[in-house]
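Asks: Please see the structure below; I have some questions.
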Amino acid sequence: MTIPILQATSLTQSQQIEMLEQMYRIRAFEEKADELFALGRVHGTMHLSIGQEAVAVGAGAALKPDDYVLNHHRGHGHCIAKGADINFMMAEFMGKATGLCKGRGGSMHIADVERGNLGANGIVAGGIPIAVGVGLSVQMQRQSRVVLSLFGDGAVNEGVFHESMNLAAIWKLPVVFLCENNQYAMSMPVARAFPIHPLSKRACAYDMPGETVDGNDVFAVHETVQRAAERARSGQGPTFIECVTYRWKGHSKSDQQKYRTREELEQWKAKDPIQRFASYLIETRQLTAEGVEQIRKRASDTIEEALRFAEASPEPDVNTILEGVYA
Amino acid sequence: MREITFAEAIREALRLEMRRDSRVFLIGEDIGVYGGAFGVTIGLLEEFGTERVRDTPISEAAITGTCIGAAITGMRPVMEIQFMDFIALAMEQLVLQAAKMRFMLGGKVSVPMVLRTPAGSGTGAAAQHSESLEAWFVHIPGLKVVMPSTPHDAKGLLLASMRDNNPVIFVEHKLLYKTKGSVPEDDYEVPLGVAEVKRPGRDVTIVATSIMIPRALSAATKLAAEGIEVEVVDPRTLKPLDTDTISASVSKTGRVLIVHEACKTGGIGGELAAQIAESDALFYLKAPIKRLAGLDIPIPYNRTLERHAVPQEENIVEAVRDLMAAG
Ligand SMILES: Cc1ncc(C[n+]2csc(CCOP(=O)(O)OP(=O)(O)O)c2C)c(N)n1
């Protein structure tokens, strides 16, 4: 199958190269996470975003450093795209005292508050109304920040999604609602969960713009989120964006994937967002094949280094177990 | 007798009742082809089809209300909340509707529904996937609360719950799913409101719930080697509560340790202690009533902290020794 060529963009060459590097970094983090779990070196569960890197990186590149992000359980990529220090992020993933959340949160609750990343959420749609509140706070404090609220297709059927969209719309809050439609909510296919397609049509119920874009096209994601962010910043209110993509791995660590076929997975793997982007950069002579390989290698070295840091980090002190509940 | 796991015992009860009573149907997230997050409903879709094993989008409030509506008009729904934490999203329908509908309507309807849900910590799932919220429901008139600790009780209590004409919250500890025990193949009920002495003893009574029963039983074996004979009582249902069996045991031993996983403050242990203190058992006490429960913190991700957050076997052993030393 032929993969559509990416469209040229307003991004500079160095911005594009940095975006490719971030996508490789996310992939390398996720692959390492998968491996660490398989080896029994981390416990619990995790939700990997392999195959969805263009959404995190395209959206992240459209934000300014002091913009806010609130995301969902499949959130490693967003955290990296918002500029997290990978060492502290890996330490959190491994439950260490040096982790971004002091080992209390783990994979599902990674946050990086200093960088405006207000946290992943274990509750489907749980972060959406909070993003509305952050938008309200930005508006009331007359700031020019934007709030990016990221969630999966599953969240779009929770009641609180609708309540949040409505509030953001009536108050014209600076929120960008971004749905990563990766085709499934655990085992529930989008086709069976919704009477309406594409999902962005739901925006019309709140009289806000709704757009559906190819979530494996990093430029399309970037361009759409950038426009929505400008709208938000200029006081015109929220936008709902649906990025169509695919999750390559199982939902979490207990998934036998009986609800989909290998052929379907292979079809989507052929649309690998990283390969597409790398090919574009080579075709447009912004990078050579060796240059791409160096970037991939550097990303994987960064993750290895983060793992060394995390492993050398101390466990949280059991004597601090009661701390952190109240301010 | 045949030994099966706790999860298999629950599945067997569901299957038996669905074969016997065509009004019974299952509804919840990922209960069909996925078989539920913990595999409890595996195979039921194949036998009963998509109408009676009904996968839903992620919409806990609406699932709960749907069950209420079906229950008051001739059906007998059994819903699953994928993790007990998410019951928070169903609270309005459970507490303000299901629990009081019969009362408000002057007894003209009944709400025969069961809400099954996996609870508890110990899987590394962190603060939003590890809750033990049973005490919330004990506080609500109109609801019943069931918390089995063995495969035998799980099957018998679930059959009784599905035949009860009231909303029943059926709490399944995740760490119990793989535990094995003898379970009769035929149809039997364990009645709601009847506690069981799981081990007789003369010196101390332990009243424990759910996962704390196996921990109390192994603690009792250890303590027996020191000459301390522990009696272990499992209330099995928190509402209705069999206070007679509990106070009879405490009157006999003169010492009582109450053990549960949920946070101590506001937990079911407070109610159990009050029931004991209000009964004649108070006159037989040789030492003050003692509670051992979860720390008053959300469940941390880090493995060591997670373990320390809730009572373990060694904590039970120690608490019993303290109780013996106290009088
Ligand atoms: C309120 C709530 N209900 C159910 C779950 C269990 N759960 C976690 S993720 C998930 C599927 C989410 O799908 P989607 O929103 O599409 O995101 P994806 O996992 O595909 O990235 C489910 C059912 C949850 N965490 N919170």
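The values are calculated or read from the model by the stated rules, or taken from the named source; none is laboratory data. Please read these numbers as outputs of a predicted model, since none were measured by experiment. Cβ atoms come from the backbone with ideal geometry, glycine included; neighbour counts cover every protein chain shown. SASA here: full protein model, heavy atoms, side chains in, ligands and nucleic acids out. Shrake-Rupley method; radii C 1.70, N 1.55, O 1.52, S 1.80 Å.
For (1) touching a residue at least 60 places away in the same chain (Cβ under 8 Å); (2) among the polar types (S, T, N, Q); (3) within 16 Å of the ligand (Cβ to nearest atom), each residue gets a yes or a no:
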| site | (1), (2), (3) |
| --- | --- |
| B:ALA61 | no, no, yes |
| B:GLY122 | yes, no, no |
| B:GLU131 | yes, no, yes |
| B:SER149 | yes, yes, no |
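Asks: Any idea which of B:SER210, B:SER218, B:SER161, B:SER132 is touching a strand residue (DSSP E or B) at 6+ places or on another chain (Cβ under 8 Å) and open to solvent by 10 Å² or more (accessible area, probe 1.4 Å)?
Replies: Selected residue: B:SER132, the only one of B:SER210, B:SER218, B:SER161, B:SER132 that is touching a strand residue (DSSP E or B) at 6+ places or on another chain (Cβ under 8 Å) and open to solvent by 10 Å² or more (accessible area, probe 1.4 Å).
Asks: Turning to a different aspect of this structure: Of the conditions (1) buried (at least 21 other Cβ atoms within 10 Å of the Cβ); (2) in contact (Cβ under 8 Å) with a residue 24 or more places away in the chain; (3) within 16 Å of the ligand (Cβ to nearest atom), A:GLY105 clears all except one; give me its number.
Replies: (2)
Asks: For the range A:238-263, which positions are out of contact with any strand residue (DSSP E or B) (no Cβ under 8 Å at 6 or more places or on another chain) and either in a loop (DSSP other than H, G, I, E, B) or within 16 Å of the ligand (Cβ to nearest atom) (or both)? It would help to see each step written out before you state the result.
Replies: Taking the range A:238-263 and keeping what is out of contact with any strand residue (DSSP E or B) (no Cβ under 8 Å at 6 or more places or on another chain), we get A:246, A:248-250, A:252-258, A:261-263.
Residues satisfying the conditions are A:TYR246, A:TRP248, A:LYS249, A:GLY250, A:SER252, A:LYS253, A:SER254, A:ASP255, A:GLN256, A:GLN257, A:LYS258, A:THR261.
Asks: Moving on. For the range A:201-229, which residues satisfy the criterion of being touching a Phe, Trp or Tyr at 6+ places or on another chain (Cβ under 6 Å) and assigned to a helix (DSSP H, G or I)?
Replies: A:ALA203, A:VAL218, listed by residue number.
Asks: Residue check: is B:GLY35 within 16 Å of the ligand (Cβ to nearest atom), without any contact (Cβ under 8 Å) to a residue 24 or more places away in the chain and in a loop (DSSP other than H, G, I, E, B)? Write out each step before concluding.
Replies: Numbers: within 16 Å of the ligand (Cβ to nearest atom): yes; without any contact (Cβ under 8 Å) to a residue 24 or more places away in the chain: yes; in a loop (DSSP other than H, G, I, E, B): yes.
Against the criterion (within 16 Å of the ligand (Cβ to nearest atom), without any contact (Cβ under 8 Å) to a residue 24 or more places away in the chain and in a loop (DSSP other than H, G, I, E, B)), B:GLY35 qualifies.
Asks: Please state which of the following conditions B:ARG20 fails to meet, knowing it meets all the rest: (1) under 24 Å from B:SER182 (Cβ atoms); (2) under 21 Å from the mean Cα position of the chain (by Cα).
Replies: Tallying (1) under 24 Å from B:SER182 (Cβ atoms); (2) under 21 Å from the mean Cα position of the chain (by Cα), B:ARG20 fails exactly one: (2).
Asks: What number goes with the only condition from (1) more than 16 Å from the ligand (Cβ to nearest atom); (2) acidic (Asp, Glu); (3) surrounded by fewer than 22 Cβ atoms within 10 Å (Cβ to Cβ) that A:GLU163 does not pass?
Replies: (1)
Asks: Mind checking which residues of the range A:111-152 are among the β-branched types (Val, Ile, Thr) and farther than 27 Å from B:GLU29 by Cα?
Replies: Initial filter on the range A:111-152 (among the β-branched types (Val, Ile, Thr)): A:113, A:123-124, A:128, A:130, A:132, A:134, A:138, A:146-147.
Passing the criteria: A:VAL113, A:VAL134, A:VAL138, A:VAL146, A:VAL147.
Asks: Do you know which of the residues in the range A:32-41 that are touching a residue at least 40 places away in the same chain (Cβ under 8 Å) and surrounded by fewer than 22 Cβ atoms within 10 Å (Cβ to Cβ) is farthest from the other protein chains (Cβ to nearest Cβ)? Spell out how you get there, then give the answer.
Replies: Start the filter on the range A:32-41 by keeping residues that are touching a residue at least 40 places away in the same chain (Cβ under 8 Å), which leaves A:32-34, A:36-37, A:41.
With the extra rule that they be surrounded by fewer than 22 Cβ atoms within 10 Å (Cβ to Cβ), the set shrinks to A:32, A:34, A:36-37, A:41.
Working: A:LYS32: 18, A:ASP34: 16, A:LEU36: 13, A:PHE37: 10, A:ARG41: 11 Å.
Residue satisfying both the conditions and the ranking: A:LYS32.
Asks: Specify the residue that is nearest to B:PRO112 (Cα to Cα); the eligible residues are those in the range B:131-158 that are in contact with an Asp or Glu (Cβ under 7 Å, 6 or more places away or on another chain) and assigned to a loop (DSSP other than H, G, I, E, B).
Replies: Step by step, filter the range B:131-158, then rank; the result is B:MET147.
Asks: Quick check on the range B:2-25: of everything there that is within 19 Å of A:SER254 (Cβ to Cβ) and more than 14 Å from chain A (Cβ to nearest Cβ), which residue is most open to solvent (accessible area, probe 1.4 Å)? Break it down stepwise before answering.
Replies: Taking the range B:2-25 and keeping what is within 19 Å of A:SER254 (Cβ to Cβ), we get B:5-8, B:10-11.
The next check asks that each one be more than 14 Å from chain A (Cβ to nearest Cβ); those that pass are B:5-6, B:8, B:10-11.
On the way: B:THR5: 21, B:PHE6: 0, B:GLU8: 74, B:ILE10: 0, B:ARG11: 49 Å².
Going through the qualifying residues, I end up with B:GLU8.
Asks: Would you check if A:MET94 is within 12 Å of another protein chain (Cβ to nearest Cβ), over 24 Å from A:THR245 (Cβ atoms) and away from the ligand (no atom under 14 Å from the Cβ)?
Replies: For A:MET94, the condition - within 12 Å of another protein chain (Cβ to nearest Cβ), over 24 Å from A:THR245 (Cβ atoms) and away from the ligand (no atom under 14 Å from the Cβ) - is met.
Asks: Also, quick follow-up: Taking the range A:291-327 as the search range and keeping residues that are assigned to a helix (DSSP H, G or I) and within 11 Å of another protein chain (Cβ to nearest Cβ), which one is farthest from A:ALA278 (Cα to Cα)?
Replies: Checked the range A:291-327; the qualifying residue farthest from A:ALA278 (Cα to Cα) is A:ASN319.
Asks: Identify, please: which residue in the range A:168-200 is within 14 Å of chain B (Cβ to nearest Cβ) and assigned to a strand (DSSP E or B) and is, among those, farthest from the ligand (Cβ to nearest atom)?
Replies: Selected residue: A:PRO189.
Asks: So B:THR66 ticks every box in (1) more than 14 Å from chain A (Cβ to nearest Cβ); (2) more than 21 Å from B:VAL146 (Cα to Cα); (3) assigned to a helix (DSSP H, G or I) but one. Which box is left unticked?
Replies: Unmet for B:THR66, out of (1) more than 14 Å from chain A (Cβ to nearest Cβ); (2) more than 21 Å from B:VAL146 (Cα to Cα); (3) assigned to a helix (DSSP H, G or I): (1).
Asks: Can you pull out the residues in the range B:299-321 that are open to solvent by 80 Å² or more (accessible area, probe 1.4 Å) and closer than 26 Å to A:VAL325 by Cβ?
Replies: Scanning the range B:299-321 gives B:ARG303, B:ARG307, B:HIS308, B:GLU314, B:GLU318.
Asks: Residue check: is A:GLU266 away from the ligand (no atom under 16 Å from the Cβ) and either under 30 Å from A:GLY122 (Cα atoms) or open to solvent by 50 Å² or more (accessible area, probe 1.4 Å) (or both)?
Replies: Answer is yes for this residue.
Asks: Okay, next question. Which residue is farthest from the other protein chains (Cβ to nearest Cβ), if the candidates are limited to the range A:123-153 and must be in contact with a Lys or Arg (Cβ under 7 Å, 6 or more places away or on another chain) and open to solvent by 10 Å² or more (accessible area, probe 1.4 Å)?
Replies: This residue is A:SER144.
Asks: Still on this structure, please answer the following. Could you pull out every one of the strands (runs of 3 or more DSSP E) wholly within the range B:191-257 that has 3 or more residues that are not hydrophobic (A, V, I, L, M, F, W, C)?
Replies: By residue number, B:196-199.
Asks: Can you tell me which residues in the range A:74-102 are within 21 Å of A:SER252 (Cβ to Cβ) and without any contact (Cβ under 8 Å) to a residue 40 or more places away in the chain?
Replies: Listed by number, the residues that qualify are A:GLU92, A:LEU100, A:CYS101.
Asks: Based on what the data block shows, is A:ILE110 within 16 Å of the ligand (Cβ to nearest atom), among the β-branched types (Val, Ile, Thr) and either open to solvent by 50 Å² or more (accessible area, probe 1.4 Å) or over 20 Å from A:THR224 (Cα atoms) (or both)?
Replies: Taking the combined requirement at face value, the residue satisfies it.
Asks: Given the structure, is B:ARG52 away from the ligand (no atom under 16 Å from the Cβ), more than 18 Å from B:VAL111 (Cα to Cα) and touching a strand residue (DSSP E or B) at 6+ places or on another chain (Cβ under 9 Å)?
Replies: Spelling it out, B:ARG52 is indeed away from the ligand (no atom under 16 Å from the Cβ), more than 18 Å from B:VAL111 (Cα to Cα) and touching a strand residue (DSSP E or B) at 6+ places or on another chain (Cβ under 9 Å).
Asks: For residues that are open to solvent by 10 Å² or more (accessible area, probe 1.4 Å) and within 15 Å of B:GLU261 (Cβ to Cβ), tally how many sit in the range B:135-158.
Replies: Result for the range B:135-158: 4.
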